[in-house]
Structures are given as C-alpha cells and as structure tokens.
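Asker: Got a structure for you, questions after.
The values are calculated or read from the model by the stated rules, or taken from the named source; none is laboratory data. As the structure is a computational prediction, the values presented were derived from the model and not from experiment. A quick note on method: Cβ atoms are made from the backbone with ideal geometry, for glycine too, and the neighbour counts reach across all protein chains shown.
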Amino acid sequence: MTRTLPWLHPVRVAALEAALADRILIIDGAMGTMIQSWKLDEGDYRGTRFAEGYDASHVHGPQCGHDLKGNNDLLVLTRPDVIAAVHEAYLDAGADLLETNTFNATSISQADYHLEHLVYELNREGARLARACCEKFEALTPDRPRFVIGVLGPTSRTASISPDVNDPGFRNTSFDELRGTYREAVEGLIDGGADTLMVETIFDTLNAKAALFAIEEVFDVRGGRLPIMISGTITDRSGRTLSGQTAEAFYASMAHSRPLSIGLNCALGAADLREHVETLARVAAGHVSAHPNAGLPNAFGEYDETPEEMAATLREFAESGLLNLVGGCCGTTPAHIRAIADAVHGIAPRRLPGDPIRDAA
C-alpha cells in the first residue's frame, strides 16, 4: 500500500480532479508519428551540442560519434522547437493533457546511443517544454487548465521474460536496475513541472512494478506525491499483455498504487481494445483511460484508420460509459485528436464506483 503524503501541486491536482468530474478529458496523440513528418536528419538530432561527436556541455564530454538519428527524446535538447510545435498542435486540436517526449528517456534505453548521462536532463527538459506549452494555451483560456503527463516508458528490456529462447532463465535486466533508471527519470519529470506521472505502454508487469516502486521512493524523499496514471498494452488479440496477464489481472497487480487512472494504449486499434477497456471500466476503482493506435499497421508499418473512423469507435466507448480520458497512440495526429475531442464532447464521463448519484439511480 502506498503511503499517504500531501500533493506536491495541490492546486493543480484539484483542478485536474475537477476537470475529470466535469467531462471526458483528452490526451494528446502520437509524438513519433509527428516527428517523422518533419523528416529530420542526423544534424537535427545532433544540434550544435553534439555536432562534433561528443557532448559539448561537458569539459570532457562523453563520446557520441555514432548515429543519433532516431533518438526522439534527444530532440527536447537539440530541436525543442519541433517538440513544442507538436505539443502545440495537439493543444490546438483539443488536448487537455500533454505527454512529455520522454518515452525512452531512461538509462536502459539511452544506452543504445551511449547517452545515459542525459537521463535526468532529458526528463526535466521534456517536462519543462510541455509545461511551457500548456501555460501558453492556459493564458488564452484561463478557465480551461492543461496538464503535463510525465511519461515513463517500458524500456527496451523485460524483467519477466528471457530474450534468449535457448536459455529461459536468462534476464537482460533486473528489478533493481529498472528501479534505478526509473528513479532518475522521475526526479527529472518532477523537477521539470509534471502534473502527473504515467507508467505507460506496459508489456511487462514486473517492469511496471519497478517503476511504481521507484516513484514511491522519490515521493518518500520529497515528502509529497503526484497523481499516478497507468496504461498497459494488450499485445495481440489473445487479450493479454506480453507477460501474460488479462486486463483484469493487470488491474489487480497495479491497484495497490492507487492510480488516478488505469487504461490501455498502443498495440491495437480502438475496436480491438473495446472489450478490454470495458473490463477495466467494470473493475477499476479510479478513472479509466484509452489511447489506442490508429488501427493496426499495414504491410508498410503505417496506420490507415482515419480520424473519422477512430473517433466514431471511441464515441461508442464514451456513450457506453467506459471512459474518463481518451487520446491516441501510434499513427494518430492532431486531426485524430480533434475528431476524438469533437466526438466525445458533451458525453458524461464514466462514473466512479461508489458515486452516490450512480448508486441511487
């Protein structure tokens, strides 16, 4: 059971809770999809700081002579204008919550680029950038606050499953290694101004538990907490996560953290997630979220579901009382988010268990 600690940002938490009680909130869409549309090259990823093959911010900077293209998290430092433009496009489309561009900002994932030393800075600057964009839009519409979700991705390793089919007992990471890398990321997200923390795209429950443990450690040291959001991934039509859990079992494993919300994202399109979101809506004590892909990828790895098609499916989710938060994952764009926001506008959010209005009905 998590400890009871005061909120680090009580005014913003109160505003978020009030907004959740009032309407279905809109989460933004895919960051990677939008970055691809900019057609950035190696120079964009390096910027001036890494142009010479090392980190120029250090007197004896770590070497990074290998390719950096594809390290989208690094763009918060080298092309913050691109990331801000994506954030603002989603805010303009109707997003209430921005996810930080920190999905791979852990030492395990950054090790692929030999940039582990940047983890704290990437998370801090990712949150600062999203916070600035939210404040820009809040200044235009003070009656509608926007919120920053500090994103903690699953990392590129799994603690529960061997990557070697010939050695089922082998693991290429551990709970303690994951806990350490997540703790560093959490510190940066909090210092950068995140309103909530989301452990997302969870394919391995043990990885997620390491993240939740790290989060609680940071909260204990700071003497305060942020709301926690959790989002798992059903990896295929079997209806299970990669580590083998159904949606209901996944919720049971996560409920101890008292999440503000629990939901599903990625891997599948909205239609295929429907029954699993319904399961969470039935069992979850807190809010329920869904930010699915724009359908399943085609033969070229692209996503074909149109904004109108996706919005129509998610509108049915909302009309069935399944949603408190909704957005998009892979393949979605501001056009998808605008269509989804329009589709669920005016539909009441899912009522939480124990709601006296619902119980009296």
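Asker: Scan Ala208, Ala194, Ala185, Ala159 and give me the residue that is modelled with pLDDT under 95, under 25 Å from Ala255 (Cβ atoms) and surrounded by 18 or more Cβ atoms within 10 Å (Cβ to Cβ).
Answerer: On the way: Ala208 fails: modelled with pLDDT under 95; Ala194 fails: modelled with pLDDT under 95; Ala185 fails: modelled with pLDDT under 95.
None of the others qualify; the one that does is Ala159.
Asker: Test each condition in (1) under 26 Å from Ala15 (Cβ atoms); (2) within 21 Å of the chain's Cα centre (by Cα); (3) not hydroxyl-bearing (Ser, Thr, Tyr) for Ala294 and report the one that comes out false.
Answerer: (1)
Asker: Still on this structure, please answer the following. Quick one: would you say Phe203 is touching a strand residue (DSSP E or B) at 6+ places or on another chain (Cβ under 9 Å), surrounded by fewer than 24 Cβ atoms within 10 Å (Cβ to Cβ) and not hydroxyl-bearing (Ser, Thr, Tyr)?
Answerer: Yes; evaluated as a whole, the condition is true for this residue.
Asker: Could you grab me the full set of residues in the range 241-266 that are under 17 Å from the mean Cα position of the chain (by Cα), touching a residue at least 60 places away in the same chain (Cβ under 8 Å) and under 25 Å from Gly301 (Cα atoms)?
Answerer: Answer for the range 241-266, where residues must be under 17 Å from the mean Cα position of the chain (by Cα), touching a residue at least 60 places away in the same chain (Cβ under 8 Å) and under 25 Å from Gly301 (Cα atoms): Gly263, Asn265, Cys266.
Asker: Modelled with pLDDT of 95 or more and surrounded by fewer than 20 Cβ atoms within 10 Å (Cβ to Cβ): is that true of Glu125 in this structure?
Answerer: So Glu125 does not fit the description; no.
Asker: Here is a check on your reading of the model: is Ala312 modelled with pLDDT of 95 or more and either of a type in the set (A, V, I, L, M) or closer than 20 Å to Asp22 by Cβ (or both)?
Answerer: Details: modelled with pLDDT of 95 or more: yes; either of a type in the set (A, V, I, L, M) or closer than 20 Å to Asp22 by Cβ (or both): yes.
Spelling it out, Ala312 is indeed modelled with pLDDT of 95 or more and either of a type in the set (A, V, I, L, M) or closer than 20 Å to Asp22 by Cβ (or both).
Asker: Out of Gly180, Gly169, report the one residue that is over 17 Å from the mean Cα position of the chain (by Cα), within 21 Å of Val218 (Cα to Cα), surrounded by fewer than 20 Cβ atoms within 10 Å (Cβ to Cβ) and not charged (D, E, K, R).
Answerer: Exactly one of Gly180, Gly169 is over 17 Å from the mean Cα position of the chain (by Cα), within 21 Å of Val218 (Cα to Cα), surrounded by fewer than 20 Cβ atoms within 10 Å (Cβ to Cβ) and not charged (D, E, K, R), namely Gly180.
Asker: Restricting to the range 212-232, and then to whatever is within 18 Å of Cys329 (Cβ to Cβ) and free of Cβ contacts under 8 Å to residues at least 40 places away in the same chain, can you tell me which residue is farthest from the chain's Cα centre (by Cα)?
Answerer: The residue in question is Gly232.
Asker: Now a separate question. State whether the residues of the range 40-47 include one that is over 19 Å from the mean Cα position of the chain (by Cα) and within 30 Å of Asp220 (Cβ to Cβ).
Answerer: No, the range 40-47 contains no residue that is over 19 Å from the mean Cα position of the chain (by Cα) and within 30 Å of Asp220 (Cβ to Cβ).
Asker: Answer yes or no: is there a residue in the range 286-298 that is free of Cβ contacts under 8 Å to residues at least 12 places away in the same chain and out of contact with any His (no Cβ under 8 Å at 6 or more places or on another chain).
Answerer: yes
Asker: Would you confirm whether or not the range 145-152 contains a residue that is closer than 23 Å to Ser261 by Cβ and of a type in the set (Phe, Trp, Tyr)?
Answerer: Filtering the range 145-152 down to residues closer than 23 Å to Ser261 by Cβ leaves 145-152.
Checking the rest, the ones that are also of a type in the set (Phe, Trp, Tyr) come to 147.
Yes: the range 145-152 contains one or more residues that are closer than 23 Å to Ser261 by Cβ and of a type in the set (Phe, Trp, Tyr).
Asker: For the range 86-94, check the following and say yes or no: at least one residue is closer than 30 Å to Arg222 by Cα and assigned to a helix (DSSP H, G or I).
Answerer: Yes; the residues of the range 86-94 include at least one that is closer than 30 Å to Arg222 by Cα and assigned to a helix (DSSP H, G or I).
Asker: List every residue pair whose Cβ atoms sit under 7 Å apart, with the two residues 6 or more apart in sequence or on different chains, where the first one lies in the range 70-84 and is within 15 Å of Arg49 (Cβ to Cβ) and the second, anywhere, is β-branched (Val, Ile, Thr) and outside any helix (DSSP H, G or I).
Answerer: Asp73/Thr102
Asker: Which members of the range 275-300 meet the condition of being touching a strand residue (DSSP E or B) at 6+ places or on another chain (Cβ under 9 Å) and under 17 Å from Thr241 (Cα atoms)?
Answerer: Residues satisfying the conditions are His276, Val277, Leu280, Ser289, Ala290, His291, Pro292, Asn293, Leu296.
Asker: Looking at the structure I just gave you, is Asn172 under 16 Å from Met31 (Cβ atoms) and assigned to a loop (DSSP other than H, G, I, E, B)? It would help to see each step written out before you state the result.
Answerer: Numbers: under 16 Å from Met31 (Cβ atoms): no; assigned to a loop (DSSP other than H, G, I, E, B): yes.
Criteria not met by Asn172.
Asker: So which of Leu75, Leu68 ends up being outside any loop (DSSP other than H, G, I, E, B) and modelled with pLDDT of 95 or more?
Answerer: Matching residue, one of Leu75, Leu68: Leu75.
Asker: If I ask for residues that are within 26 Å of Tyr54 (Cα to Cα), touching a residue at least 24 places away in the same chain (Cβ under 8 Å) and in contact with a Ser or Thr (Cβ under 7 Å, 6 or more places away or on another chain), which ones from the range 113-140 would you list?
Answerer: Taking the range 113-140 first, the residues within 26 Å of Tyr54 (Cα to Cα) are 113-129.
Filter again for touching a residue at least 24 places away in the same chain (Cβ under 8 Å), leaving 113-115, 117-129.
Matches in the range 113-140: Val119, Leu122, Asn123, Gly126, Ala127.
Asker: For the range 128-156, give me each residue that is more than 19 Å from Asn101 (Cα to Cα) and crowded, with 18+ Cβ neighbours inside 10 Å.
Answerer: Looking only at the range 128-156, we keep the residues that are more than 19 Å from Asn101 (Cα to Cα), and these are 138-145.
Once the filter is applied, which keeps residues that are more than 19 Å from Asn101 (Cα to Cα) and crowded, with 18+ Cβ neighbours inside 10 Å, the range 128-156 yields only Pro145.
Asker: On the given criteria, is Tyr90 buried (at least 21 other Cβ atoms within 10 Å of the Cβ) and among the hydroxyl-bearing types (Ser, Thr, Tyr)? First the steps, then the outcome.
Answerer: On the way: buried (at least 21 other Cβ atoms within 10 Å of the Cβ): yes; among the hydroxyl-bearing types (Ser, Thr, Tyr): yes.
The answer is yes for Tyr90.
Asker: List every residue pair whose Cβ atoms lie under 6 Å apart, where the two residues are 6 or more positions apart in sequence or sit on different chains, the first residue falls within the range 141-161 and is within 15 Å of Asp22 (Cβ to Cβ), and the second residue, located anywhere, is not charged (D, E, K, R).
Answerer: Cβ pairs passing all conditions: Pro145/Ala15; Arg146/Cys134; Arg146/Phe137; Phe147/Leu16; Phe147/Leu97.
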